[in-house]
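Okay, structure first, notes after.
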Amino acid sequence: MFRWKATAAAVAVSALALTGCAGPGGGGTGGSGSTTLTLGAITSPTTFDPAGSEWGNRAPFYQAVFDTLLLATPEGTIEPFLATDWSYNDDNTVLTLTIRDDVTFSDDTELNADVVAQNLLRFKDGTSPDAGYFDGVQSVEAPDATTVVITLGAPDPAFLNYLTRDPGLVASPASFDSPDIATDPIGSGPYILDTAATVTGTSYSYTKNPDYWNPDVQHYDNLVINVLADATASLNAIKAGEANGVKLANNDNLGEVEGAGWTVNANELDFQGLLLLDRSGTVEPALADVRVRQALNYAFDREGLLQALQAGNGTVTTQVFPETSEAFDPELDDYYTYDPEKAKELLAEAGYADGLVLQQPSSALLGANTYTLIEQQLNDVGIQVEYTDPGNNFIADLLAPKFPTSFMALEQNPDWQLIQFMIAPGAVFNPYKAEDPVIDQLMTDIQFGDEATQAEKAKELNRYLVEQAWFAPFYRVQGSFATDANTTVEVLPTNAFPAIYDFQPKG
Amino acid sequence: MLSFIVRRLLSGAVLLFVITTVAYALLYVGGGDIARRILGQNATQEAVAAKAAELGLDRPLWEQYGGWLSQAVTGDLGRSWFSGQLVSVGVSSRLAVTLSIVIGAVLIAAVIAVVLGVLAAVRGGVVDRIVQFISVLGFAIPGFLIALGLVLVFAINLRLFKATGYVPITTDVGGWIASVTLPVIALAIGAIASVTQQVRGSVVDALSRDYVRTLRSRGLGSGRVVYKHVLRNAGGPALAILAVQFVGLLGGAVIVEQIFALPGLGQLAVQSTTNGDIPIVMGLVLATAFIVVIVNLLIDLAQAALNPKVRLS
């Protein structure tokens, strides 16, 4: 009996080896005349329900199956999409959208203004981490089949931009009450999710929507998005030619990626640096003194940090606004130079000649080197750092708030969105709710001003924030998206992952 | 034998209850702010509090566990808090991947280890020393290094197999083989090393027994003695170590799954435990505990079939 078992197993092994040798080696495009775009993403969507959706690195999963009301372009403009036209009333509190009348969802339900209104209200009441974008929405109405009227409590200069992202996603109303809405999306987008071929969390397969209203942006017959959370797996997929486009989690292997014949498409979306969260001195009184905050800014050798931590892939800066923003001022990229002596002087003037101790959280995810270098450079000016690793609760503890300062990478959004994210008293990344009358006034001017005023005041706000040292940014990090020799893409100035529509076969 | 199987299954059910209770308590203690992790850094504190209430995270442990258990006994394991996927679907789709590579690795390990172990024990001398050296080498080289080497040679340079991803066997048999071969080999090497040593030791031990001398004195050929008599006696310990390897590989496949970007149980277990996705982790605990119970039962039955001296009592 035993011999029989061993023989059977040996035959199975031989068959495995032989057939395996004849197996496919992988590859992105091709196969019986149809074209497939295979992408690598670094994270998967938490749910396909638009009311719980997110953007950033999760955008392509949603963009494939859903359309947004408006479209963000690689040129940085906002263009019509499901909404063909839009206008504000005189005080920018009522937004009127005109909706396309030739769109159907993949379940053959027709798109109309009422469906759009239902989607917008679902997002407002939903569990998306971005649901707060709609806090100012007072009502959404559909007076006729193609008109949606959104009433805001106060002007929101970022609102049109929101409609190019997760809050602007539109799903079929038939899916709202489906128990499978999280895994079986029904949208009007260029592709349809093939749930049978999809492994949630790992690999998502889509087929071309044959009835899509905008075939000009459908460049492929099939779309596969694989989640490559591990940097080694990403690099292996690139070298083995198993994808056409891969989002790189970091810039550690750019040489190898380019050596494999791939192109690195770069943009700058995040800044990394020290967040001086307790600028009002709630738990660390020293931080209420602007001289201490300025000293922290003078303490860092930004160029050295950029070289050591990002191999030079980025741009040193002392401002939190991105290059694409109206508030951006190139002079503010080097407002604070590396000057430890000046830092010590400022600390002495503020009454901290003997130094001070700062509590900071650390996270293995952000790299051990980072924390060592920060500690060394702060020690050089007499500031001691006590690190605590909150593990999985890093963000929760940061926002609780439990730490006066922290190293962090933060997304650089368009002006008003950025202000609402990290500067306004209610902003998520202003957890101590610090306020300043000058900042409050500038924010009011931006919110209620016309476009020219908004740009002017945003610049003023940016300079004031740098002078007041609300943050100690180090550099803007290069975001890298790799494409193979058969694929071209245009990166977006406002999102980590390029738009699905902007991938095209080369030639 | 039937009463033996029934008793083992009943004790397995008790084991499942104990394991899930302990697992739930551990997850509760180490949970942290799960709602914040679900919603991410952009979410407001109000949204986080609302999410926590929606998931019942504000209720006491016994109430949460009771809720989970009462649904689980009806077969409803709920949905992932992070992906919204049905736990039964999420776990079973990944089980196929992990079982593909673990069963493949154990089968290969069994065949090669028996051949090498018997060869080393029977031939002795140089052959024995070479086999022992190879075994030590298999132990010493970490699985992830072997995996990386295999990817470099067979996937990136020769393009014979896939470097990343998994193709279901139902979609494309060739693609499935191309996607599981390298992970199977990477996993099998460590298992071969340990099982070979076990087989070699057992065969050496059996060969020195009186009954072998008696069989030989009756004029039986060496091959017949080894394959018909010695292996039956030596097979028991080898099967036991194979079972241990199987269970170990179920959990140990995680690094190989990571390197090959395979959607397996290990990868899901790490992600879900880190996130605090309690429904998924509980589904995984149930599935793996169930597999362990079944594998142990099957090994006991195989031992009995192999060697009549083993009684199922």
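Things worth noting here:
- Scope the stretch B:156-179; condition aliphatic (A, V, I, L, M), touching a Lys or Arg at 6+ places or on another chain (Cβ under 9 Å) and within 22 Å of B:Leu107 (Cβ to Cβ); matching residues: B:Ala178
- Taking the conditions (1) part of a helix (DSSP H, G or I); (2) more than 20 Å from the chain's Cα centre (by Cα); (3) among the hydrophobic types (A, V, I, L, M, F, W, C) in turn, B:Val106 satisfies each one other than (2).
- Some residue of the stretch A:423-437 being at pLDDT 95 or above, part of a helix (DSSP H, G or I) and not small (Gly, Ala, Ser): yes
- Residue selected from the stretch B:19-47 under the condition more than 8 Å from chain A (Cβ to nearest Cβ) and over 29 Å from the mean Cα position of the chain (by Cα), by the criterion nearest to B:Thr288 (Cα to Cα): B:Ala35
- Residues in the stretch A:135-158 that are farther than 16 Å from A:Thr98 by Cα and surrounded by fewer than 22 Cβ atoms within 10 Å (Cβ to Cβ): 11 in all.
- Count of the stretch A:214-266 residues which are at positive phi and surrounded by fewer than 19 Cβ atoms within 10 Å (Cβ to Cβ): 1
So that you can scan it fast, the table gives a plain yes or no per residue for (1) more than 11 Å from chain A (Cβ to nearest Cβ); (2) assigned to a helix (DSSP H, G or I):
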| position | (1), (2) |
| --- | --- |
| B:Ala49 | yes, yes |
| B:Glu54 | no, yes |
| B:Asp58 | yes, no |
| B:Gln64 | yes, yes |
| B:Trp68 | yes, yes |
| B:Gly75 | yes, no |
| B:Gly84 | no, no |
| B:Ala96 | no, yes |
| B:Ile101 | yes, yes |
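- Members of the stretch A:183-207 found to be in contact (Cβ under 8 Å) with a residue 24 or more places away in the chain, assigned to a loop (DSSP other than H, G, I, E, B) and farther than 21 Å from A:Ala229 by Cα, listed by number: A:Asp184, A:Pro185, A:Ile186, A:Ser188, A:Gly189, A:Pro190
- Checked against the criterion of being more than 18 Å from A:Gly189 (Cα to Cα), at pLDDT 95 or above, touching a Leu at 6+ places or on another chain (Cβ under 9 Å) and not in a strand (DSSP E or B), the stretch A:126-133 has no qualifying residue.
- So B:Val199, is it more than 11 Å from chain A (Cβ to nearest Cβ), on the phi < 0 side of the Ramachandran plot and under 24 Å from the mean Cα position of the chain (by Cα): yes
- Residue check for B:Ala109: of a type in the set (A, V, I, L, M, F, W, C), under 29 Å from B:Val204 (Cβ atoms) and within 11 Å of chain A (Cβ to nearest Cβ): yes
- Residue satisfying condition, being free of Cβ contacts under 8 Å to residues at least 60 places away in the same chain, closer than 19 Å to A:Ser44 by Cβ and touching a helix residue (DSSP H, G or I) at 6+ places or on another chain (Cβ under 8 Å), within set B:Gly84, B:Gly90: B:Gly84
- The stretch A:438-463, residues that are farther than 10 Å from A:Asp415 by Cα and basic (Lys, Arg): A:Lys457, A:Arg463
- Yes/no for A:Ile181 being of a type in the set (A, V, I, L, M) and within 14 Å of chain B (Cβ to nearest Cβ): yes
- If you go through the stretch A:177-191 and keep only what is modelled with pLDDT under 95 and either closer than 17 Å to A:Asn214 by Cα or hydrophobic (A, V, I, L, M, F, W, C) (or both), you end up with A:Ile181, A:Ala182.
- The stretch A:331-344, subset touching a residue at least 40 places away in the same chain (Cβ under 8 Å), buried (at least 18 other Cβ atoms within 10 Å of the Cβ) and assigned to a helix (DSSP H, G or I), residue nearest to the chain's Cα centre (by Cα): A:Leu332
- Exactly one residue out of A:Asn251, A:Asn297, A:Asn244 is modelled with pLDDT under 95 and among the polar types (S, T, N, Q), and it is A:Asn251.
- Residue check for A:Asp230: without any contact (Cβ under 8 Å) to a residue 24 or more places away in the chain, closer than 21 Å to A:Ser128 by Cα and either facing chain B (nearest Cβ under 10 Å) or among the small types (Gly, Ala, Ser) (or both): no
- Scan of the stretch B:137-158 for residues that are assigned to a helix (DSSP H, G or I), out of contact with any helix residue (DSSP H, G or I) (no Cβ under 6 Å at 6 or more places or on another chain) and more than 15 Å from B:Val180 (Cβ to Cβ), ordered by number: B:Leu137, B:Ala140, B:Leu145, B:Leu148, B:Gly149, B:Leu152, B:Val153, B:Asn157
- The residue that is modelled with the highest pLDDT, counting only those in the stretch A:349-374 that are on the phi > 0 side of the Ramachandran plot and out of contact with any strand residue (DSSP E or B) (no Cβ under 9 Å at 6 or more places or on another chain), is A:Gly351.
- Flag if B:Ala289 is out of contact with any Pro (no Cβ under 9 Å at 6 or more places or on another chain), surrounded by fewer than 18 Cβ atoms within 10 Å (Cβ to Cβ) and away from chain A (no Cβ under 11 Å): no
- Applying the criterion of being surrounded by fewer than 20 Cβ atoms within 10 Å (Cβ to Cβ) and either assigned to a loop (DSSP other than H, G, I, E, B) or touching a His at 6+ places or on another chain (Cβ under 6 Å) (or both) to the residues of the stretch A:368-395, the residue that is nearest to the other protein chains (Cβ to nearest Cβ) is A:Pro390.
- When restricted to residues that are surrounded by fewer than 17 Cβ atoms within 10 Å (Cβ to Cβ) and part of a strand (DSSP E or B), the stretch A:489-507 contains 2.
- Across the stretch A:274-291, the number of residues qualifying as over 31 Å from the mean Cα position of the chain (by Cα) and outside any loop (DSSP other than H, G, I, E, B) comes to 3.
Per-residue answers, yes or no, for (1) at pLDDT 90 or above; (2) more than 24 Å from the chain's Cα centre (by Cα); (3) surrounded by 13 or more Cβ atoms within 10 Å (Cβ to Cβ); (4) farther than 30 Å from B:Leu265 by Cβ:
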| site | (1), (2), (3), (4) |
| --- | --- |
| B:Gly125 | no, yes, no, yes |
| B:Leu145 | no, no, no, no |
| B:Phe154 | yes, yes, yes, no |
| B:Ala178 | yes, no, yes, no |
| B:Thr181 | yes, no, yes, no |
| B:Gly190 | no, no, yes, no |
| B:Val203 | no, yes, yes, yes |
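- Of all residues in the stretch A:50-67 being part of a helix (DSSP H, G or I) and among the aromatic types (Phe, Trp, Tyr), the one that is surrounded by the fewest Cβ atoms within 10 Å (Cβ to Cβ): A:Tyr62
- Only one of A:Leu398, A:Leu358, A:Leu347, A:Leu365 that is in a helix (DSSP H, G or I) and away from every other protein chain (no Cβ under 14 Å): A:Leu347
The values are calculated or read from the model by the stated rules, or taken from the named source; none is laboratory data. Here the structure is a predicted model, which is why all the values come from computation and not from measurement. Because the Cβ atoms are built from the backbone with ideal geometry, glycine has one as well, and the counts that use them run over all protein chains shown.
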